[in-house]
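Colleague: Structure incoming, see below.
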Amino acid sequence: MSERMRVENGVEGLPKAHWEDLVHGHPELGFEVLKTIAHTATRPLHLQSFSLEDDSGLAAGAICEAVIAPGSRNRLDDLLFGRTARMAQSLGISSRPALLFMAPLGNGSSVIARRADGTEQRRLLHRLLDGIEDSAAARELGIAFIGVPEDAELLIETLRLRAYLESESWPTSRLDIEWSGFDAYVNHLRRRSKGAARTARNERDRNRRNGVTIRQLDNRTVDADAMYSLYCRHYRYKNGSDPIVGPQFFPRFLKAIGDDLLVFEANREGQRVGILGVVRSGSVGWVAWVGIEQRDRPNDFTYANLCFYHLADCAQTLGLRTLHYGNSALQAKRIRGCWVINNRLFYRPAGNLARVLLRPYLGIHRRWYRRKLR
C-alpha cells in the first residue's frame, strides 16, 4: 500500500470527508471548526496541515501554527516563560521560529492517527513525524507538540523515542457522563463528595428562584451577532484581550456545521444573560464558547447552571457521553464532577546547541509546573 505525505498551508486543502473520519470524537479539530477559525481570525494565524495518505484515505494527520514572523503571538513562549514571556522576547529569548502543534482553540493535541492496533498506530505516528521533522529541518524551524494528554500513551512513547525534550503543558478538564438526568448526576457527585452534591442542588435551586431559565436554541433562530457580542465581552472580562475569532465567526460557523453546534441560552425576566456554544463530534462535546452578562449580575450561579448543571441534565438526550472543558478554574470543575487531565509538552528546538541549553531549563519548568498544579 503506497503512502504519501502532504504538507499544505492552511486547512482547506484537506479532504473534508476523510479528515472528519480521522478526527471523529475530536470536535476541536473538525474541518469546519478549523476552516472557520482560519477565515475569521483577528490576528495572523498561519495554520499548516500535515497529512499521511494511503489507498484507504487519511492514515494520520496534524495541524500546526507556524510562528515565524517577529512579534507573532507565541503560545509556546507563553508556556515556557509565563508572565515573563514578553520580557524574554524583548531580550531576544524566544522559541520562534517554530511549528506549534496544538488545536487552534483550546489547549489540546492536534496529532491524530487512524484507529488501528498498537503496532500499526506506532508505525503511522513515526511516518507522520518523519514528514513533520523533514519539513521543519528544511526550514530550520523548531517543533513543539503542546497539550499531549497523559492518556495518549502511543504518541507520548513515540515522541520520547525520538528524543524530544519534555515538560508539562496546560491541563484540561473532562466530564464523563455516567447518568441520565440531573438527579442521577447529583447522586454521582455524592459518591465523590456529599458537599459537591449539596452545592449542585443548592446552586440550581437558587438559579431558578432568581427567575433564570435555560434552553437549547434552534440554530435557525440563533442571533449570531448577539451571541458573539456576549461571548466577546465575557472573554475580554476574563482575559483582558479580544478572542482569536472575529465577529463573522458565529454566522459562518452556524451555516457550516448545522446541528452539531449546540447553542444554549440563559434568560432572566426576558433578558439574555448567558450563552453557550458546544461543538459535538460523535458522543463527544467540546464546551467551546461561553458568554455571561456582567452588568447587573446577581449571585445566582448562572455560569454553573449553564455550563454544568443544564448540560449534565440533558447530555445523554443529546447523545453526549463526554464533555471537554478548558483549563481555567480547575478546582471549580472538580467540584462539579470533572476529571483534570494533565498534558505534556514535547519540544525540539531547531539547533543542537539550543537543545543542550534548554534541557536543564525544561527540567526546572517541569518541576515548577507540577508544584503549581497541586
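Colleague: Would you calculate the separation in nanometres between label points at W368 and D223, each defined as 7 Å from the Cα along the Cα-to-beta-carbon direction?
Modeller: Placing both labels 7 Å along Cα→Cβ, they lie 4.6 nm apart.
Colleague: Classify the stretch 134-239 from the C-alpha gyration tensor, please: rounded if a/c falls under 1.5, else prolate or oblate depending on whether a/b exceeds b/c.
Modeller: It is oblate, given that a/c is not under 1.5 and a/b is not larger than b/c.
Colleague: Could you tell me how many degrees, from 0 to 90 and to the nearest 10, lie between the Cα long axis of helix 31-40 and the main elongation axis, the longest principal axis, of the Cα atoms of the chain?
Modeller: 90
Colleague: Could you check which residue among L330, L318, L261 shows the biggest mean-square fluctuation in a GNM of the chain with a 10 Å Cα cutoff?
Modeller: Residue with maximal mean-square fluctuation among L330, L318, L261: L318.
Colleague: May I ask you to compute the full-extension gain from S90 to Y361, defined as 0.36 nm times their residue separation minus their alpha-carbon distance, rounded to one decimal in nm? All intermediate terms of the calculation are to be shown ahead of the outcome.
Modeller: Values: separation 271, 0.36 × 271 = 97.56 nm, distance 1.90 nm.
So the extension gain works out to 95.7 nm.
Colleague: Name the most mobile residue of I341, I275, I63, meaning the one with the largest mean-square fluctuation, in a Gaussian network model of the chain with Cα contacts below 10 Å.
Modeller: I341
Colleague: Sum -39500 (n - 2.57) across every DSSP H segment of at least 4 residues in the chain, then divide by the residue count to get the 222 nm mean residue ellipticity, nearest 500.
Modeller: On the way: 13 runs with 146 residues, N = 374.
It lands at -12000 deg cm²/dmol.
Colleague: To continue, here is another question. Please list, ordered by chain and number, the residues whose modelled amide H lies under 5 Å from the amide H of V245; skip anything fewer than 5 residues away on the same chain.
Modeller: Under 5 Å from the amide H of V245 lie the amide H atoms of T42, each far enough along the sequence or on another chain.
Colleague: Quick check: residue separation of R4 and V340 times 0.36 nm, minus the Cα distance between them. What number comes out in nm?
Modeller: Numbers: separation 336, 0.36 × 336 = 120.96 nm, distance 3.71 nm.
Result: 117.2 nm gained on full extension.
Colleague: Here's a follow-up. Please express the shape of the stretch 66-207 as an equivalent ellipsoid: the semi-axes are the square roots of 5 times the eigenvalues of the C-alpha gyration tensor, given largest first in whole angstrom. Don't skip to the answer; put the middle values down first.
Modeller: Values: eigenvalues 288, 113, 26 Å².
With the √(5λ) rule applied to the stretch 66-207, the semi-axes are 38, 24, 11 Å.
Colleague: Quick one: grab the alpha carbon gyration tensor of the stretch 178-320, order the square roots of its eigenvalues as a ≥ b ≥ c, and give me rounded if a/c is under 1.5, else prolate or oblate depending on whether a/b is larger than b/c. Numbers along the way, then the final one.
Modeller: Values: a/c = 1.90, a/b = 1.33, b/c = 1.43.
Here the stretch 178-320 falls in the oblate category.
Colleague: Any chance you could run the full-extension gain for D78 through K16? It's 0.36 nm times the residue separation minus the Cα-Cα distance, nm to one decimal. Display every interim value, and only then the final one.
Modeller: Details: separation 62, 0.36 × 62 = 22.32 nm, distance 3.19 nm.
Residue separation times 0.36 nm, minus the Cα-Cα distance, leaves 19.1 nm.
Colleague: Gap in Å between the Cα centre of the stretch 98-116 and the Cα centre of the stretch 344-358?
Modeller: Each part reduced to its Cα centre gives a spacing of 19 Å.
Laboratory data are not the source of any read-out in this text; all were calculated from the coordinates shown. Since the model is a prediction, treat every value here as computed from it, not as a measurement. Cβ coordinates were reconstructed from backbone atoms using ideal geometry, including for glycine residues, and neighbour counts include every protein chain displayed.
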